[in-house]
């Protein structure tokens with residue numbers, strides 16, 4: 001009887017692990033240079049073209065990556081602003097990154 005209970009317990013554990021969704025392999029990297037943010041989106045190391053990235057900085061707008069998985073955003077204000085970049089993977093998981101960009105004229 002103990003062997004059957006162990007077998008049922010072990011089977012239950014492995015069954016539960018089988019339905020846990022795999023972590024997303026999609027990554028969003030945001031590098032800054034002066035007032036510019038350079039965003040790169042990859043999935044398993046491969047560039048993700050046409051990925052929509054929501055940008056928030058007091059305003060909201062969307063940019064899309066090019067065929068190399070890259071997009072750029074500039075702070076054209078006279079003062080520094082914090083930018084929030086958000087992208088969703090195919091499973092609907094949201095990646096969020098924040099960066100502070102100095103003003104274009106600073």
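Each value in this text was obtained by applying a stated rule to the coordinates, not by laboratory testing. None of these values were measured; they are calculated from a predicted model. Ideal geometry is used to build each Cβ from the backbone, glycine not excepted, and the neighbour counts take in all protein chains shown.
Points to keep in mind about this one:
- The residues of segment 39-70 that are exposed (fewer than 13 other Cβ atoms within 10 Å of the Cβ) and on the phi > 0 side of the Ramachandran plot, listed by number, are 44, 45, 50, 58.
- Any hit, segment 64-83, residues being out of contact with any strand residue (DSSP E or B) (no Cβ under 7 Å at 6 or more places or on another chain) and free of Cβ contacts under 8 Å to residues at least 12 places away in the same chain: no
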